[in-house]
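Structure first, commentary second.
The values are calculated or read from the model by the stated rules, or taken from the named source; none is laboratory data. Quantities reported herein were computed from a predicted structural model and do not represent experimental measurements. Every residue, glycine as well, gets a Cβ built from its backbone with ideal geometry; the counts of neighbours run over all protein chains shown. Each accessible area value is taken on the protein alone, full model and side chains, heavy atoms only, with ligands, DNA and RNA left out. Shrake-Rupley method; radii C 1.70, N 1.55, O 1.52, S 1.80 Å.
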Amino acid sequence: MSHLLLSMTVNGEAVQVAAPAHHTLLEVLRYKLDLIGTKQGCDKGDCGACTVQIDGVPQLSCLTLAVHAVGRAVTTVEGLGQQAGGCHPLQDAFDRWNAAQCGFCTPGILLSAEALLRRCAGREPTRLQVCEALAGNLCRCTGYTKIIDAVLDVGRQMAVAAAASAGEVAHAE
Ligand code: FES
Ligand code: FES
C-alpha cells in the first residue's frame, strides 16, 4: 500500500509521518504517533471521544482524514497539559469536581471545553453555552452534572482573572 508523507504540527512540535491516504487523523495520532490520549470510541462520529483541535477548533478525528491536517496545528489532550505547564486548569477542575469516572470521554470533553473557554475570551460562559459546547461528547458514567460544573468553575475563575487584569490596566492608565 502506498504511503503519503504528512507534515503537520502536533502539540507544538513539527512532525512528519508516513500513512496511507485513507487513514484518519485518529489512526495517525494513536497508531503512528502513540498519542493514545485521543480515544477511539464509535469510530463513526457519534460519541465525541476522538475529539481533538485542529487550528484551535474541535474536530472529530475519526471522521477527519489525516491529509486534512497537513500544514495545520493539531492539539490532543497530551498537548493541553503541556500548554499550561503540566496540568490545564480544566484538568485540575475535573479532578476537584470528580468529573471523570472511567475517563474514556474526558480527553474529548476537555478539548471541546477548552475551545469554548477560549471563545469566551474572559467572559463567564452560561450553563447553556457549556451544554451546547459539549453536546457532541457523550459520557456514559457521570450524568454530566459534575462535568458541566467543573467547566463553569474554570470559566468563572477565568472571568475573575480577566476582570482583575482589566482593573489593573485601568488603574495604571
Ligand atoms: S470515535 Fe469519533 S465520534 Fe466516536
Ligand atoms: S467518565 Fe466514563 S464515559 Fe465519561
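Name the residue, out of R119, R127, that is over 19 Å from G41 (Cβ atoms) and either in contact with a helix residue (DSSP H, G or I) (Cβ under 7 Å, 6 or more places away or on another chain) or buried (at least 16 other Cβ atoms within 10 Å of the Cβ) (or both). Write out each step before concluding.
On the way: R119 fails: either in contact with a helix residue (DSSP H, G or I) (Cβ under 7 Å, 6 or more places away or on another chain) or buried (at least 16 other Cβ atoms within 10 Å of the Cβ) (or both).
Among R119, R127, only R127 is over 19 Å from G41 (Cβ atoms) and either in contact with a helix residue (DSSP H, G or I) (Cβ under 7 Å, 6 or more places away or on another chain) or buried (at least 16 other Cβ atoms within 10 Å of the Cβ) (or both).
Just give me the residues in the stretch 90-101 being surrounded by fewer than 16 Cβ atoms within 10 Å (Cβ to Cβ) and in contact with a Ser or Thr (Cβ under 9 Å, 6 or more places away or on another chain), in sequence order.
Once the filter is applied, which keeps residues that are surrounded by fewer than 16 Cβ atoms within 10 Å (Cβ to Cβ) and in contact with a Ser or Thr (Cβ under 9 Å, 6 or more places away or on another chain), the stretch 90-101 yields N98, Q101.
State the number of residues belonging to the stretch 97-143 that are over 21 Å from A162 (Cβ atoms), away from ligand 1 (no atom under 16 Å from the Cβ) and not hydrophobic (A, V, I, L, M, F, W, C).
Summing the residues that are over 21 Å from A162 (Cβ atoms), away from ligand 1 (no atom under 16 Å from the Cβ) and not hydrophobic (A, V, I, L, M, F, W, C) in the stretch 97-143 gives 5.
Restricting the first residue to the stretch 112-124 and requiring it to be in contact (Cβ under 8 Å) with a residue 24 or more places away in the chain and of a type in the set (A, V, I, L, M, F, W, C), which pairs with a second residue that is part of a helix (DSSP H, G or I) and exposed (fewer than 14 other Cβ atoms within 10 Å of the Cβ) meet a Cβ separation below 9 Å and a spacing of at least six or different chains?
L116/E132
Yes or no: E114 out of contact with any Asp or Glu (no Cβ under 6 Å at 6 or more places or on another chain), buried (at least 22 other Cβ atoms within 10 Å of the Cβ) and acidic (D, E)? Walk me through it before giving the result.
Numbers: out of contact with any Asp or Glu (no Cβ under 6 Å at 6 or more places or on another chain): yes; buried (at least 22 other Cβ atoms within 10 Å of the Cβ): yes; acidic (D, E): yes.
For E114, the condition - out of contact with any Asp or Glu (no Cβ under 6 Å at 6 or more places or on another chain), buried (at least 22 other Cβ atoms within 10 Å of the Cβ) and acidic (D, E) - is met.
Restrict the check to the stretch 62-70 and report whether at least one residue is in contact with a Gly (Cβ under 7 Å, 6 or more places away or on another chain) and farther than 20 Å from I147 by Cα.
Going through the stretch 62-70, the residues in contact with a Gly (Cβ under 7 Å, 6 or more places away or on another chain) turn out to be 62-63.
Those still in the list that are farther than 20 Å from I147 by Cα too: 62-63.
Yes, the stretch 62-70 has at least one match.
Considering (1) touching an Asp or Glu at 6+ places or on another chain (Cβ under 7 Å); (2) within 16 Å of ligand 2 (Cβ to nearest atom), say which one C42 fails and leave the rest.
Of (1) touching an Asp or Glu at 6+ places or on another chain (Cβ under 7 Å); (2) within 16 Å of ligand 2 (Cβ to nearest atom), only one is false for C42: (1).
Open to solvent by less than 70 Å² (accessible area, probe 1.4 Å), not hydrophobic (A, V, I, L, M, F, W, C) and not in a helix (DSSP H, G or I), is that true of G108?
Numbers: open to solvent by less than 70 Å² (accessible area, probe 1.4 Å): yes; not hydrophobic (A, V, I, L, M, F, W, C): yes; not in a helix (DSSP H, G or I): no.
Against the criterion (open to solvent by less than 70 Å² (accessible area, probe 1.4 Å), not hydrophobic (A, V, I, L, M, F, W, C) and not in a helix (DSSP H, G or I)), G108 does not qualify.
Only one of E173, E132 is over 17 Å from N98 (Cα atoms), assigned by TED's automatic domain parsing to the domain that holds P107 and either under 20 Å from the mean Cα position of the chain (by Cα) or surrounded by 16 or more Cβ atoms within 10 Å (Cβ to Cβ) (or both). Can you tell me which? So that I can check it myself, show each step before the final result.
Working: E173 fails: either under 20 Å from the mean Cα position of the chain (by Cα) or surrounded by 16 or more Cβ atoms within 10 Å (Cβ to Cβ) (or both).
Being over 17 Å from N98 (Cα atoms), assigned by TED's automatic domain parsing to the domain that holds P107 and either under 20 Å from the mean Cα position of the chain (by Cα) or surrounded by 16 or more Cβ atoms within 10 Å (Cβ to Cβ) (or both) holds for just one of E173, E132, which is E132.
Report whether or not R156 is assigned to a loop (DSSP other than H, G, I, E, B), at pLDDT 95 or above and basic (K, R).
Numbers: assigned to a loop (DSSP other than H, G, I, E, B): no; at pLDDT 95 or above: yes; basic (K, R): yes.
For R156, the condition - assigned to a loop (DSSP other than H, G, I, E, B), at pLDDT 95 or above and basic (K, R) - is not met.
Name the single residue, out of those in the stretch 90-104 being free of Cβ contacts under 8 Å to residues at least 40 places away in the same chain and not in a helix (DSSP H, G or I), that is farthest from ligand 2 (Cβ to nearest atom).
Only one residue fits best here, namely G103.
Could you tell me which of the residues V57, V74 is more than 14 Å from T24 (Cα to Cα) and within 16 Å of ligand 1 (Cβ to nearest atom)? Explain how you work it out, then say what you get.
On the way: V74 fails: more than 14 Å from T24 (Cα to Cα).
Within the list V57, V74, the selection yields V57.
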